[in-house]
1. Among the residues that make up segment A:138-159, is at least one of them within 24 Å of A:Ser45 (Cβ to Cβ) and away from chain B (no Cβ under 12 Å)?
2. Among the residues of segment B:120-155, what is the count of those that are of a type outside the set (Val, Ile, Thr), buried (at least 16 other Cβ atoms within 10 Å of the Cβ) and within 14 Å of B:Ser79 (Cβ to Cβ)?
3. How many residues does segment A:51-72 contain that are farther than 28 Å from A:Pro110 by Cα and either aliphatic (A, V, I, L, M) or surrounded by 19 or more Cβ atoms within 10 Å (Cβ to Cβ) (or both)?
4. If you go through segment A:167-190, how many residues are touching a Gly at 6+ places or on another chain (Cβ under 8 Å) and open to solvent by less than 10 Å² (accessible area, probe 1.4 Å)?
5. Scan segment B:126-139 for residues that are more than 8 Å from every other protein chain (Cβ to nearest Cβ) and out of contact with any helix residue (DSSP H, G or I) (no Cβ under 7 Å at 6 or more places or on another chain) and jot them down.
6. Which condition number does A:Thr164 fail, the rest of (1) closer than 23 Å to A:Phe52 by Cβ; (2) open to solvent by 10 Å² or more (accessible area, probe 1.4 Å); (3) among the polar types (S, T, N, Q) being met?
7. I'd like the full set of residues that are touching a residue at least 24 places away in the same chain (Cβ under 8 Å) and open to solvent by 20 Å² or more (accessible area, probe 1.4 Å), limited to segment B:89-103.
8. Closer than 16 Å to A:Asn122 by Cα and either away from every other protein chain (no Cβ under 14 Å) or of a type in the set (A, V, I, L, M, F, W, C) (or both): is that true of B:Leu142 in this structure?
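The values are calculated or read from the model by the stated rules, or taken from the named source; none is laboratory data. All values reported here derive from a predicted model rather than from experimental measurement. Please note: Cβ atoms are built from the backbone with ideal geometry, for glycine as well, and neighbour counts cover all protein chains shown. Ligands, DNA and RNA are excluded from the accessible area calculation, which covers all protein heavy atoms including side chains. Shrake-Rupley method; radii C 1.70, N 1.55, O 1.52, S 1.80 Å.
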Amino acid sequence: MISKQLLFALALVASASLIYSPVFASHGDNTPSWTQANQEFKCESSLNNLQFTGSLSHPCIEIENAADAWTNLSGSSWTLTFTASNAINQKAANLGSPPSTIAQAWLWAPFGTIVAADVTYNTQYSFGDANVDNNVMDFPTVAIHELGHLLHLKHNEHSGDHNTSALRDGLSFNEVRRGITSNDESAAGGIYPP
Amino acid sequence: MRKLATVMVIIAAIAVTIPVLYFTGFMPMTVSSHSLSPIVEEEELVEASELVIHGTITDLRADAVFEDNNNMLLPFIFSTWTVVATDTIKGTDTEAAQFKTIGGTYRNIVHLTDHPSFEMGDEVIVFLKKDPDSIWGESYYLVGSASGFFRIDENGNARNELRDITVDVEEFKSTLRSLDRQS
């Protein structure tokens with residue numbers, strides 16, 4: 001009696017997982033999202049390992065400025081604020097010696113809802129304020145770009161935004177591109193409407 | 001008493017099965033990653049690369065790595081691609097090489113990414129290097145991420161989507177060899 005029920009329980013759990021398998025789940029337009037548009041981030045001590053020029057404040061402060069840029073959009077309800085407790089991690093790691101990935105955002109979504117995320121900045125790059133410093137990756141551009149991905153926004157491919165949107169893929173040394181364009185705001189509002 | 005024991009067995013079975021399903025990749029999960037790639041031109045691509053080869057993608061293996069994130073063990077998927085070389089442009093003559101990218105599918109874990117991805121049979125030129133202290137470990141990875149590969153089309157043109165450039169593949173290889181000699 002017990003062994004049959006044990007088998008039934010195991011079969012039930014295994015079957016439940018297969019129902020939600022990628023064979024049945026859809027991707028593309030059914031983009032996972034957070035259950036709430038109000039999210040928090042925290043800064044790991046690994047950010048101290050970033051090569052950061054003196055023109056800018058500490059990476060965490062610059063990340064907070066970038067978070068404010070996405071928070072203050074009139075066309076979206078999304079907010080991202082700093083906290084000291086468990087939240088979306090902002091951290092640094094060796095993503096490969098340059099030229100390599102400058103930064104990376106990760107999101108985890110079991111069953112279609114984002115439950116965790118983090119952003120990793122590459123310790124092998126020199127970051128700074130490209131308006132002032134030479135031979136740096138502009139950190140505000142990078143931070144605004146990655147925090148845009150936390151809303152699960154994809155890269156901006158509008159040709160008119162090529163030189164302005166922080167969300168366009170690709171960045172060169174000394175390039176400054178900190179804008180959140182109307183297309184970016186519209187995309188944000190599409191996922192998290194005001 | 002018997003019913004209580006039965007319920008406890010069922011709960012225990014579920015408690016054991018769910019972690020097993022999770023860490024073996026059978027629990028469905030969507031992972032997304034979005035990267036920012038540097039814009040890298042040919043001169044820097046050649047200089048930074050240890051190996052540049054023209055070849056065909058013939059194999060893919062995806063692996064899951066679980067890492068701690070706020071006391072949750074979350075999966076990262078890495079794909080290891082095999083490229084069989086028809087021509088080694090820089091580095092030791094190679095029959096085949098393997099390199100890693102982020103993303104892929106491991107059992108029921110789907111890791112969607114804007115990292116470079118390939119199809120079996122794709123003809124490519126890839127720029128590869130190693131950095132053992134990085135997330136790539138002892139594996140080759142693409143120099144400049146999305147800047148570090150060109151896809152060859154049926155007309156013999158090599159294209160990089162990130163930089164939106166298309167060049168004749170033989171002219172391109174000649175340019176790369178010339179840059180390598182100069183560096």
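1. Looking for residues that are within 24 Å of A:Ser45 (Cβ to Cβ) and away from chain B (no Cβ under 12 Å), one finds at least one in segment A:138-159, hence yes.
2. Qualifying residue count, segment B:120-155: 8.
3. 6
4. 3
5. Of everything in segment B:126-139, those that are more than 8 Å from every other protein chain (Cβ to nearest Cβ) and out of contact with any helix residue (DSSP H, G or I) (no Cβ under 7 Å at 6 or more places or on another chain) turn out to be B:Val126, B:Leu128, B:Lys130, B:Pro132, B:Gly137, B:Glu138, B:Ser139.
6. (1)
7. Scanning segment B:89-103 gives B:Lys90, B:Gly91, B:Thr92, B:Thr94, B:Ala96, B:Gln98, B:Lys100.
8. Yes: the conditions hold for B:Leu142.
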